[in-house]
Amino acid sequence: MRLKDKVAIVTGGSMGIGKAVCLAFGREGAKVAVVNRTRENGEAVVKEIVDAGGAARAFPCDVSKKAEVDGMVKGVADAFGTVDILVGNAGIMINKPVEDYTEEDWDRMIDTNLKGNFLLSQAIIPIMKKKKYGKLVFMASIAGTHAFPNALPYCASKGGVVMITKALAAEIAKDGINVNCISPGNTATPLNQHLQDDPDFVKLLEGLTPTGRAYIATEEIAGAAVFLASDEASAVHGLDMIVDDGWCVM
Ligand SMILES: NC(=O)c1ccc[n+]([C@@H]2O[C@H](COP(=O)([O-])OP(=O)(O)OC[C@H]3O[C@@H](n4cnc5c(N)ncnc54)[C@H](OP(=O)(O)O)[C@@H]3O)[C@@H](O)[C@H]2O)c1
């Protein structure tokens, strides 16, 4: 087991990529804190992990709210003794032409995708610094380094996540903390269900990867998260690990 007895917080753990990360971490022996806003969805993932012989608890929390993040991190540390790993994965996407975005759209995406990871880092890093050990893994996106139309706040938020990763790595690698991010390409999740249901869009995507696949499976992203959260990645700092089926090389 590659994460035996490590305490891992996974935000956005109830669905899609985050759920696959939670299940993979459970299989690898981690104690998993499943974090999202809708309690019953988090509890369902906890049940899957526990039924498979793992350890997990749900911690409902909105990552865009400082008081909730601080309370959640304290709750996890009280319940499991410490925090070893964060996967900052919670994220939302709203697609529109630039002139149609409302101020609220912008705030929701920046607050969830970007500020949430700042708040989580502030709450968790002191715990990790004390024991000179920790792994922070943020879920960025290829949209953080490659432009997509009709996705301005999303691209801006993910570019910010890539730079949170690099700036934090530069600051806290000396404290025994590895900070890295993963940039998934198109991954089949509830976030993009409407696009998976559109055969013309699927055909378009198939032409954009060298593999000819439209969508990556969530488990393929979870594999990267297990690696970056494990001690196998002890010398990896500030990496933006692109897991995109080759989209960006085309
Ligand atoms: N799918 C892709 O193709 C793709 C590609 C590149 C990057 N990504 C990134 O990967 C991450 C996961 O995406 P996904 O496709 O798996 O998304 P998803 O299926 O829509 O799941 C999003 C998760 O985030 C939670 N969440 C949303 N807002 C939250 C908040 N304010 N506080 C706490 N939890 C919150 C949701 O639960 P609740 O609603 O119950 O809170 C859910 O668990 C995101 O950061 C996304 O930007 C995805």
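Within the range 175-189, at least one residue is hydroxyl-bearing (Ser, Thr, Tyr) and part of a loop (DSSP other than H, G, I, E, B). Say whether the condition of being under 16 Å from the mean Cα position of the chain (by Cα) and of a type in the set (Phe, Trp, Tyr) is met by at least one residue in the range 141-155. Looking for residues that are under 16 Å from the mean Cα position of the chain (by Cα) and of a type in the set (Phe, Trp, Tyr), one finds at least one in the range 141-155, hence yes.
The one condition from (1) more than 23 Å from Ala77 (Cβ to Cβ); (2) exposed (fewer than 15 other Cβ atoms within 10 Å of the Cβ); (3) within 14 Å of the ligand (Cβ to nearest atom); (4) touching a residue at least 12 places away in the same chain (Cβ under 8 Å) that Glu40 does not meet is (4). Screening the range 80-121 for residues that are more than 15 Å from the ligand (Cβ to nearest atom) and without any contact (Cβ under 8 Å) to a residue 40 or more places away in the chain and picking the one that is farthest from Ala55 (Cα to Cα) gives Glu99.
Here His194 fulfils each of the conditions (1) loosely packed, with under 14 Cβ neighbours inside 10 Å; (2) in a helix (DSSP H, G or I); (3) at pLDDT 95 or above apart from (3). So which of Asp175, Asp198, Asp245 is touching a residue at least 60 places away in the same chain (Cβ under 8 Å) and among the acidic types (Asp, Glu)? Result: Asp245 is the single residue among Asp175, Asp198, Asp245 that is touching a residue at least 60 places away in the same chain (Cβ under 8 Å) and among the acidic types (Asp, Glu).
Elements of the type helices (runs of 4 or more DSSP H) sitting completely within the range 1-120 and holding at least 2 residues that are under 21 Å from Thr165 (Cα atoms) and within 18 Å of the chain's Cα centre (by Cα): these cover 16-27, 66-80, 103-110. With respect to the stated conditions, Ala235 fails to be at pLDDT 95 or above, surrounded by fewer than 19 Cβ atoms within 10 Å (Cβ to Cβ), hydrophobic (A, V, I, L, M, F, W, C) and under 20 Å from Leu114 (Cα atoms). Number of residues in the range 124-152 that are over 18 Å from Cys181 (Cβ atoms) and either assigned to a helix (DSSP H, G or I) or within 10 Å of the ligand (Cβ to nearest atom) (or both) equals 6.
The condition (being touching a residue at least 60 places away in the same chain (Cβ under 8 Å), within 14 Å of the ligand (Cβ to nearest atom) and not polar (S, T, N, Q)) is satisfied by just one residue among Val73, Val46: Val73. Does Leu204 fit the bill of being modelled with pLDDT under 95 and assigned to a loop (DSSP other than H, G, I, E, B)? Considered against the rule, which asks whether it is modelled with pLDDT under 95 and assigned to a loop (DSSP other than H, G, I, E, B), Leu204 comes out as no.
Restricting attention to the range 3-22, the residues being within 13 Å of the ligand (Cβ to nearest atom) and within 18 Å of Phe227 (Cα to Cα) number 10.
The values are calculated or read from the model by the stated rules, or taken from the named source; none is laboratory data. All figures in this text were calculated on a predicted structure; none of them were measured in a lab. Ideal geometry is used to build each Cβ from the backbone, glycine not excepted, and the neighbour counts take in all protein chains shown.
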